[in-house]
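The values are calculated or read from the model by the stated rules, or taken from the named source; none is laboratory data. As the structure is a prediction and not an experimental result, all values here were calculated from the model. Because the Cβ atoms are built from the backbone with ideal geometry, glycine has one as well, and the counts that use them run over all protein chains shown.
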Amino acid sequence: MDNEKYTDINGKAIALNYQRHSSFCTEFTVSSPKVSIGKVMVATCFVWIFAYAVFFFTDNTAVLSSAIIITLIGMMLYIHFVKIDHESLLVIGSLGIQLSSSYASGREHTSFIEMSKIKDIVINEAIYMHQIIYYLCILLRDPADTSAVSSVVPLFQSSKPRLNCLVKVYKSCQEIISKC
Amino acid sequence: MGQRRKKADVSASSEKRASEADTAASNPTASNPTASNPNRKHSICMVSDFFYPNMGGVESHIYQLSQCLIEKGHKVVIATHAYGRRKGVRYLTNGLKVYYLPLQVMYNQSTATTCFHSLPLLRCVFVREAVTVVHAHSSFSAMAHDALFHAKTMGLNTVFTDHSLFGFADMSSVLTNKLLTVSLCDTDHIVCVSYTSKENTVLRATLDPQIVSVIPNAVDPTDFTPDPSQRRGGRITVVVISRLVYRKGIDLLGGIIPELCLKHPDLHFLIGGEGPKRIVLEEVREKYQLHDRVRLLGALEHRDVRGVLVQGHIFLNTSLTEAFCMAIVEGASCGLQVVSTRVGGIPEVLPEDLISLCDPTVRSLCAGLEAVITQLRSGAVPSPADIHARVRSLYTWRNVAGRTEKVYDRVAGEEVLPLDRRLLRLRQHCGSVAGSIFAFVAVLNFLFLLLLQWLVPDQVMDRAVDASGPRALWGPSQRDHPAEEAGAGAPTAE
Amino acid sequence: MVLKVFFPQCCNRADSGLLVGRWLPGRDTAVVLAVIHYPFIPSTVKQYLQQIQGQSQVPVEVLGSWSMPSEKQEGLDSFLRDLSTIFPQTRWLQVSREMGQTGFSCQLLQLPPEKEEEEEDRVIFVHYDQRKVMLSQLHPLESPALPGCEEPSELRQMFWTVAHSEPLFLKDKYDEGPLKLSHWQSEGREASILVELMKLASTPLCLLLAWLLAAWSWVTSTRLLNLSPLRFLSSKLSSCVQLSYRTAHMKTVTSPHTATSHTHFMRKANVLVSLLLDVSLGLLFISWLYREERLARLASALLPAADRVSRELEDLLQWLMGAPAGLKMNRALDQVLGRFFLYHIHLWISYLRLLAPFLEVILWYGGLSAALGLTFALSLLSDMLALLTFHIYCFYVYGARLYCMKLYGLCSLWRLFRGRKWNVLRQRVDSCCYDLDQLFIGTLLFTILLFLLPTTALYYLVFTMLRLMVVALQGVLHLSVDLINSFPLFALSLRVFTPYRLAEGVKFRVLSDEPGTALHLLMEMNALGLGEVVQTYRTPTYSCYPPDSWGALLRKLFVGELVYPWKHKTTKTD
């Protein structure tokens, strides 16, 4: 475990943990910063002030209650479907690679890709919004033609780490994949 | 070299032209003795709307020039817009990296220009590739002009290559020329492909002739070798290879074909290329029942061009305007007799005895073609091998790359004007109205850049791994290592 | 080389014995299915395994030995080694638990080279829940078309092995016999008597229904019903279409062959459940409709409503015949069109008057169709809507045809203007020399058409709006019918109540990472997403064909092509 500082492509600090379970099984976890209370407060205040302004002019109390409900539901949806706290990559030599992302609400989404389907794991470049970024991805083997790539599974999609972090993960993954 | 204006219809001897070309190439370094050491390696970003998979002269110019510059040890990346599903980053031969940026195409493969929307992506390219010189191509390309503008905002040196000629008379030319004036007044150096083109560009953009160099195009002579055995005996074949558009004089061609075919029963036409004017040729073919003698091949791949060229005896070019015609050099390199219109920079391209020049009218072209046909019949023409031997040393890409490198050396030594002086120059150079408007746009662009730099600071962007240039990660031994494959598809090898 | 051992959770604490299972072909993977406890007679074990192999088609064999640390026995090592000679295998696993440690230790004996490999951390133990793995179905489903071209993946093989060795698990813990086994045990079979009875009863029922269906389909396929106008009508009436779909569904359900593949079984179950749901909804609907004189009120309200629509239309036409929204139209053409449409409305009203006395009877019998299912009632409603708004359809068709013809004329005359013509043979625009008379007439016609276009376009626009409203209403009805028809309720409830039955894949959790012992992973089922369940198991119906995009619809409207709520047969892309 080293204390090198990593950031995502927008310059926010992220943390990379890796846990070696055995010589051919390693788990990488990229954690992005938690939901900041300040931002939540600002968003809530904004909605409520707006609602209060509407209430002031219309004298309709339904506006206030709907504002409260909208804020609550919006926050719940946000932490349940949007905000991802950790993304982890479990590489098990000769068995496969498991990607999982855990949302702020605790919901977890996991998928496992068998080693026989994996052709390689590479760092690629892509245009993302108005930036050109590096990202790590798994190349899936085309079942019909073993030398071809059928599709690409991008990793760490929500916390987009920068190149130095990707290189670290890439090297360990290659080490495990080449061994088995 | 600025004084040496040449009229398009003045035909000069080849020796004189060669000496001029040499002066042009040596001039940049001669006029700027304080240029930094010649071995300095540049990091060049070529920007143009036109690149492969689109086909044409500009596209192959950019590709060949980049390959030769990489061979000389420079780092080259290309930025163009996305073509259909071809988006993102691709690698071509020798680690030539191409960014296909998702910008909206408006007309004729040229992107829409708003002066702003391409800044975020182009800035990203310039920053992550640590670009030192931005080289934009073709005045038709809106993206190239945008790139020149953004590069100046970011404080980079710029070079522009003009590939085409324009008129002065009509409304659209007046507007385009004004835009060109604005766009080029900031540019450090301009490259034109022929003297006619230089004259044209200097006049259109009211430039100082000192910063305009002439570097002609080139062809790869090894790709275009003659093979007389492919010619069919008992007939004379005329080959035309061009895009079938108005500028290339296809309406003239439609007039020539029936007239000559009536006179010479053994004359055949072989026409390669695609375009909106194809219908003209098809109608002519149907009207005069020439299906067996006029073959329309449709769009040709670059590698198939030679196979078509060697089947013919005469290469015909009917362009109405042309800065530098690469097609006639390719034709001559394959050992064909070249007949062409005398327009633009064409008279400069080939020595007089290898080309017959005619006026751009049906009658003059017919007369020229008939003269060549008579010569062919009498056998009074040089053999294809002789023609090839003379042409092969005229234009090579290495020569072009060497001369372009000198331009880069000169440009890299120049200082980039700070914003206030840039605005001042815009005002002085482009007139008070247009100058003020574009000065305002330049200020906005600068503010936009500041905003972007605040959102994503330069140091947060990852520096790209070099694929070419002095710090290239892919040595010559491991060039084809698929460590980083671009996009969902396989990288294109050209 | 990494050795992978899939180990059932229920054998974690089993007594010492022999490991029974299977080596996956071509891989270093062992699937442990059960443990045979000491004492046993080797020949009986061999015989038993052969018997199981015959029943289940799974090549079950003895994998190695399993020892619990509880009994302290001297010379255990040599005993275990001797065992491997009794059951000759190329590879022999020796798995043992040790006191005070959670992990297992494992030794692999390669017999032919007589070389003993002992690498503690080159072994992965994957613990799995035998019951869940046996019952679950991996997705995406294997396509049966190409079984040979590609070797199934490791997990699929493992799932297949466990699912097919069901006969092994039938042997009860309390059975008296020469062998004692440890594996997953079924909790009990009491309820299964009912299931068996139902199974027995279902066969004759299915046969009866199938016979009835065959008779029905014979009736529908007779010559009389296939005459061209009837056939055309029935293909356009949504109740007839629904009838044919339901027949097909019933045929699937009542086919006497038991479902063999998973897809087939799910299809049958889904169709059956959606049928039951449909009928029960329909009965609810009937019980609501036939109470409190609702039907009569509906019938009496229907006619005034239709009258009102006609009156509104008349008003609209009057408005159009004047100067609608201040637009100045061509007066003569405007009057002609307006009168023509007014006459149509008049015809329509008289038709409704004729129909009025029978309306309640029609509704009464129509409502009965809901006994066949809510979908029938809904499709009947859609048909009735189409019949009651027939005048709107007529207006729309006239307007569209007129508009379309005008556009067409304008297009070709515009070409004439530019000295071109459309070459039909070559499908392209050719240049053409016209003489003066042709040009003169063409220009004249062009001008006339151009100036008359706004009047026609306005009529077209208004009637298209009306038509679109009707089409949207019918579209909603069709969609709801389609939803009931195709919704995979059974699969969805299976996914909700027993998530492991429909697995998208697996997920692993690292159990222990004590240095020195082998890696232990826990394998869990990753349930299929709800969206995927619906996508995979929905019964294919006509709405599964890609609908027209909005752009295509707008284009059609602009050039005056006719828009229908149903799909043409030719647009099917199946």
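Determine, yes or no, whether residue B:315 is under 22 Å from the mean Cα position of the chain (by Cα), at pLDDT 90 or above and aromatic (Phe, Trp, Tyr). Criteria met by residue B:315. For region B:268-279, the candidate set comprises residues that are hydrophobic (A, V, I, L, M, F, W, C) and closer than 17 Å to residue B:317 by Cβ; within that set, the residue that is nearest to the other protein chains (Cβ to nearest Cβ) is B:271.
Scanning region B:194-223 for residues that are touching a Lys or Arg at 6+ places or on another chain (Cβ under 9 Å), closer than 25 Å to residue B:336 by Cβ and surrounded by fewer than 22 Cβ atoms within 10 Å (Cβ to Cβ) yields B:221, B:222, B:223.
Total residues in region A:90-111 satisfying the condition of being among the aliphatic types (A, V, I, L, M) and more than 14 Å from chain C (Cβ to nearest Cβ): the figure is 1.
State yes or no: is residue A:169 in contact with a strand residue (DSSP E or B) (Cβ under 8 Å, 6 or more places away or on another chain) and part of a strand (DSSP E or B)? Give the derivation first.
Values: in contact with a strand residue (DSSP E or B) (Cβ under 8 Å, 6 or more places away or on another chain): yes; part of a strand (DSSP E or B): no.
Against the criterion (in contact with a strand residue (DSSP E or B) (Cβ under 8 Å, 6 or more places away or on another chain) and part of a strand (DSSP E or B)), residue A:169 does not qualify.
If only residues of region C:508-550 that are under 30 Å from residue C:246 (Cβ atoms) and acidic (Asp, Glu) are counted, the one that is modelled with the highest pLDDT is C:532. The residues listed here are C:101, C:55; of these, the one that is closer than 27 Å to residue C:159 by Cα and either in the same structural domain as residue C:155 (by TED's automatic domain parsing) or modelled with pLDDT under 80 (or both) is C:55.
Taking region C:1-52 as the range and being of a type in the set (Lys, Arg) and surrounded by fewer than 21 Cβ atoms within 10 Å (Cβ to Cβ) as the test, the residues that pass are C:13, C:27, C:46.
Within region B:224-250, work out how many residues are of a type in the set (D, E, K, R), surrounded by 15 or more Cβ atoms within 10 Å (Cβ to Cβ) and free of Cβ contacts under 8 Å to residues at least 40 places away in the same chain. Of the residues in region B:224-250, 0 are of a type in the set (D, E, K, R), surrounded by 15 or more Cβ atoms within 10 Å (Cβ to Cβ) and free of Cβ contacts under 8 Å to residues at least 40 places away in the same chain. Taken over region B:392-411, the criterion of being in a helix (DSSP H, G or I) and either at pLDDT below 90 or among the polar types (S, T, N, Q) (or both) is satisfied by B:392, B:399, B:404. Scan region B:452-464 and tell me whether some residue there is touching a strand residue (DSSP E or B) at 6+ places or on another chain (Cβ under 6 Å) and within 14 Å of chain A (Cβ to nearest Cβ). Among the residues of region B:452-464, at least one is touching a strand residue (DSSP E or B) at 6+ places or on another chain (Cβ under 6 Å) and within 14 Å of chain A (Cβ to nearest Cβ), which makes the answer yes.
Just one residue in the set A:87, A:114, A:125 is within 14 Å of chain C (Cβ to nearest Cβ) and acidic (Asp, Glu); that residue is A:114. When B:82, B:130, B:151 are checked against the criterion of being among the small types (Gly, Ala, Ser), within 14 Å of chain A (Cβ to nearest Cβ) and more than 20 Å from the chain's Cα centre (by Cα), a single residue qualifies: B:130.
Residue-by-condition table, conditions (1) modelled with pLDDT under 90; (2) touching a Leu at 6+ places or on another chain (Cβ under 7 Å):
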| position | (1), (2) |
| --- | --- |
| B:236 | no, yes |
| B:268 | no, no |
| B:290 | no, no |
| B:296 | no, yes |
| B:300 | yes, no |
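Of all residues in region C:1-47, exactly one satisfies the criterion of being of a type in the set (Lys, Arg), assigned to a loop (DSSP other than H, G, I, E, B) and within 14 Å of another protein chain (Cβ to nearest Cβ), namely C:27. Taken as a whole, the condition of being surrounded by 16 or more Cβ atoms within 10 Å (Cβ to Cβ) and modelled with pLDDT under 90 does not apply to residue B:118.
Given the residues B:234, B:275, which is the only one that is closer than 22 Å to residue B:301 by Cβ and assigned to a loop (DSSP other than H, G, I, E, B)?
B:275
Exactly one residue out of C:236, C:268, C:251 is under 30 Å from residue C:134 (Cβ atoms), basic (Lys, Arg) and outside the structural domain of residue C:476 (by TED's automatic domain parsing), and it is C:268. Screening residue C:322 with (1) modelled with pLDDT of 85 or more; (2) farther than 30 Å from residue C:245 by Cα; (3) among the small types (Gly, Ala, Ser) gives one miss only, at (1). Checked across region A:155-169, the condition of being more than 10 Å from chain B (Cβ to nearest Cβ), crowded, with 18+ Cβ neighbours inside 10 Å, more than 16 Å from the chain's Cα centre (by Cα) and in contact (Cβ under 8 Å) with a residue 24 or more places away in the chain holds for no residue. Right, residue C:304: over 25 Å from the mean Cα position of the chain (by Cα), within 30 Å of residue C:341 (Cα to Cα) and assigned by TED's automatic domain parsing to the domain that holds residue C:563 or not? When the stated conditions are applied, residue C:304 passes them. Annotation: residue B:160 fulfils all but one of (1) at pLDDT 90 or above; (2) over 22 Å from the mean Cα position of the chain (by Cα); the unmet one is (2).
Listed here are the residues, each with its yes/no results for (1) farther than 18 Å from residue B:426 by Cβ; (2) modelled with pLDDT under 90; (3) among the polar types (S, T, N, Q).
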residue: B:172; (1), (2), (3): yes, yes, yes
residue: B:175; (1), (2), (3): no, yes, no
residue: B:179; (1), (2), (3): no, yes, no
residue: B:191; (1), (2), (3): yes, no, no
residue: B:199; (1), (2), (3): yes, no, no
residue: B:217; (1), (2), (3): yes, yes, yes
residue: B:222; (1), (2), (3): yes, yes, yes
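Scoring residue A:23 on the criteria (1) within 30 Å of residue A:179 (Cα to Cα); (2) more than 12 Å from every other protein chain (Cβ to nearest Cβ); (3) touching a helix residue (DSSP H, G or I) at 6+ places or on another chain (Cβ under 9 Å) leaves a single failure, condition (2).
Tell me, which residue of region A:98-115 that is among the polar types (S, T, N, Q) and buried (at least 17 other Cβ atoms within 10 Å of the Cβ) is farthest from the chain's Cα centre (by Cα)? Let's see the steps before the verdict.
Taking region A:98-115 as the starting set, the residues that turn out to be among the polar types (S, T, N, Q) are A:98, A:100-102, A:105, A:110-111.
Add one more test, that the residue is buried (at least 17 other Cβ atoms within 10 Å of the Cβ), and what stays is A:98, A:100-102, A:110.
Details: A:98: 14, A:100: 9, A:101: 6, A:102: 8, A:110: 12 Å.
Only one residue fits best here, namely A:98.
Within region B:146-177, the set of residues being of a type in the set (Asp, Glu) and surrounded by fewer than 22 Cβ atoms within 10 Å (Cβ to Cβ) comprises B:170 only.
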